[in-house]
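Working notes for the structure below.
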Amino acid sequence: MTDRLIIFDTTLRDGEQSPGASMTREEKLRIARQLERLRVDVIEAGFAASSNGDFEAVRAIANTVRDSTVCSLARANDRDISRAAEALAASDNKRIHTFIATSPLHMEKKLRMTPEQVYEQAKLAVRFARRFTDNVEFSPEDGYRSEVDFLCRVLEAVIAEGATTINIPDTVGYAVPELYGAFLRELREKIPNSDKAVWSVHCHNDLGMAVANSLAGVKIGGARQIECTINGLGERAGNCSLEEVVMAVKTRRDFFGLDVGIDTTQIVPASKLVSGITGFPVQPNKAVVGANAFAHASGIHQDGVLKARQTYEIMRAEDVGWVANKIVLGKLSGRNAFKQRVQELGIPVESEGELNAAFTKFKELADRKAEIFDEDIQALFSDEAVTPHDEHFKLVSLAQRAETGERPHARVVFKQGAQEVAAEADGNGPVDASFKAIEGEVKSGSELLLYSVNAITTGTESQGEVTVRLARAGRIVNGTGADPDIIAASAKAYLNALNKLYTTPERLNPQTSLAP
């Protein structure tokens, strides 16, 4: 076996199956470029056959990414595989990932197919996928709950048909590390041609063991590919976290004896980008990328770190993309200083227009806030998914009144296309009143699924970053807004979500898709 571990990122496919994490083509492309900077080995760009929007996203990524393998998921049928091949056509480094369920429960209840039918379908799918590329991955969905003898028969057959990667999904997060690792080892020992393929793990986090199970699959089971997502994003409780498995393997190379090709300094920028686009904030105590991951509150710990960092830190913050500089710029700082700091922070900037727009926002913020932190600068780029020419709705001004014993009232002025609209409403609080004022004029008919507030930095001058999730007619969108005034940030987030809701649908709720 090789001593190199392949990192297969499925943020854009499995991660998108998180309720509310649906992404547009442009958002997926931004994340794919960051994953390429991160030096991810394989980027699963989407499920090309699931919708026209996903097809276009996969095709755009295949046309753009050159340093990573670009992959599309496909069910084990000719239509899905052909659609994936068409979307990937422009890539010189592509992979088709096909799957079919193999557990008794899934075959009987979901597929309504006999084991023999599943066996034949798996073989035919891999055979057909090989017409388009010699890089074919096969996954037996719900593989961990499949009967060993039947699974061995299927996997031996698909390897014989040319599958070069065999992935064993713990689709429902049922596994525990020792058993999952032993399960993989048993499969590899029983299948005569197992050495002809790279073995992979794909673990869900329902019991909180996705990372542990994945690493057990590597250490005990001999897998050499881990499927994971940025921030552990994924349906239900999420997936195996890329940042955690990468840093576990790098930090404990003495135990795992494996190398990874990841540029770890791009981990935090990737985490912040995914969090900003999906509207899923990272919990402060999240390993590696949480705000408290390298913070020390205990006096004993602080004393130890000051004397010798390694007393309480097993990784360096700068190695994963955190920066030591906190206060960096002020209102007298110029565009060149701003541009240099953006580059130092590893923030992806696609054009001079995007940089100029962010610099304008920076100057506006600097006039209102004495100290500008790195996190403030990163927040300036968090809502760039909706570019200025797409802003049908834009906040102009907001006034609100909240007094103990009185019903809060808000007056919101916003642009609706070329027209300036003023709206007023009462509410249970100033945020509720602001939302009701906007909705009373727009009449979008959307349902508010999520309202989330996070302080970007510490202190009372901190910007508040607000996420609003709206749903209408099967579409789910996230809007974000940042401002030192939390009510204004809330109104910005709501209008940002409306902008996305009123654009042409590029992706329906991904929960309707079938995937391992």
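The values are calculated or read from the model by the stated rules, or taken from the named source; none is laboratory data. This structure is a prediction, so every number in the text was calculated from the model and none was measured. Positions of Cβ are backbone-derived with ideal geometry, glycine not excepted, and every protein chain shown enters the neighbour counts. Keep in mind that these areas ignore ligands, DNA and RNA; they rest on the heavy atoms of the full protein, side chains included. Shrake-Rupley method; radii C 1.70, N 1.55, O 1.52, S 1.80 Å.
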Okay, helix-only estimate at 222 nm for the chain: each DSSP H run of n ≥ 4 adds -39500 (n - 2.57), divide by all residues, round to 500 deg cm²/dmol; what do you get?
-11000 deg cm²/dmol
Under a 5 Å amide H to amide H cut-off, with H placed in plane at 1.01 Å, what residues pair with residue 4 once short-range neighbours are removed?
259
Please enumerate, by chain and number, the lysines with C-alpha under 24 Å from the C-alpha of residue 94, excluding those fewer than 8 residues away in the same chain.
28, 123, 196
Nearest 10, in degrees from 0 to 90: the angle of helix 335-344 to the longest Cα principal axis of the chain is 30 degrees
Cα-based helix-to-principal-axis angle, 210-219 vs the chain, degrees rounded to 10
40 degrees
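How would you classify segment 91-234 from its alpha-carbon gyration tensor, with a ≥ b ≥ c the square roots of the eigenvalues: rounded for a/c under 1.5, else prolate if a/b is greater than b/c, otherwise oblate?
Note, shape of segment 91-234 comes out rounded.
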Largest-first ordering by accessible area, 1.4 Å probe, given options 265, 98:
265, 98
Along the Cα→Cβ direction, 7 angstrom out, place labels at residue 339 and residue 237. What is the inter-label distance in nm?
4.8 nm
Give me the percent relative contact order of segment 17-82, please, defined on Cα pairs under 8 angstrom at least 6 residues apart.
34 percent
How much accessible surface area, in Å² rounded to 10, belongs to the heavy atoms of residue 174 with a 1.4 Å probe?
140 Å²
How would you order 219-229, 72-82, 408-418 from highest to lowest mean count of nearby Cβ atoms within 10 Å?
219-229, 72-82, 408-418
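Cα-Cα over 18 Å: which of 443/500; 361/394; 331/394; 331/363; 394/436?
Numbers: 443/500 15 Å; 361/394 14 Å; 331/394 24 Å; 331/363 6 Å; 394/436 16 Å.
The pairs that break the limit, which is 18 Å between Cα atoms, are 331/394.
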On a full-extension model of 0.36 nm per residue, what is the gain between residue 447 and residue 319, subtracting their alpha-carbon distance, rounded to one decimal in nm?
41.9 nm
How do 3, 319 rank by accessible surface area computed with a 1.4 Å probe, from largest to smallest?
3, 319
For the pair residue 360/residue 4, report the inter-label distance in nm, with labels modelled 7 Å from Cα in the Cβ direction.
4.5 nm
Once amide H atoms are built 1.01 Å from N in the peptide plane, which residues 5 or more positions from residue 329, or in another chain, come under 5 Å H to H?
372
Contact order relative to length for the chain, counting C-alpha pairs under 8 Å separated by 6 or more residues, stands in percent at 13 percent
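Please give the contour-minus-distance gain from residue 285 to residue 189: 0.36 nm per residue of separation, less the Cα-Cα distance, rounded to one decimal in nm.
On the way: separation 96, 0.36 × 96 = 34.56 nm, distance 3.96 nm.
Stretched fully, the residue 285-residue 189 segment lengthens by 30.6 nm.
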Under the 0.36 nm per residue contour assumption, what length would be gained going from the current alpha-carbon distance of residue 219 and residue 120 to full extension?
32.4 nm
Roughly how many nanometres apart are two label points built 7 Å out from the Cα toward the Cβ at residue 332 and residue 63?
4.8 nm
Considering only protein heavy atoms, what per residue accessible area in square angstrom results for the chain with a 1.4 angstrom probe?
42 Å²
Set the Förster distance to 45 Å, then compute FRET efficiency between residue 39 and residue 407 from the Cβ-Cβ distance, nearest 0.05.
0.25
Rg in Å to one decimal, and Dmax rounded to a whole Å, for segment 1-152 via C-alpha atoms:
15.7, 44
Over the alpha-carbon set of the chain, divide Rg by the Kirkwood Rh and report the Rg/Rh ratio to two decimals.
1.00
Percentage relative contact order, segment 121-260, counting C-alpha pairs under 8 Å, at least six apart:
19 percent
Could you work out what % of the accessible surface of the chain is carbon and sulfur, using a 1.4 angstrom probe and leaving DNA, RNA and ligands out of the count?
49 percent
Using the Cβ atoms and a cut-off under 10 Å, what net charge is assigned to the surroundings of residue 12, where Lys and Arg are +1 and Asp and Glu are -1?
-4
For segment 74-84, what does the Karplus curve 6.51 cos²θ - 1.76 cosθ + 1.60, with θ = phi - 60°, yield as ³J(HN,Hα) per residue in whole Hz, taken in order and with x for Gly and Pro?
8, 5, 7, 8, 4, 4, 4, 5, 5, 5, 4
Quick check: the angle from helix 25-37's long axis to the longest principal axis of the chain, C-alpha only, nearest 10 degrees?
70 degrees
Ranked highest first by average number of other Cβ atoms within 10 Å, how do 281-288, 476-483 line up?
476-483, 281-288
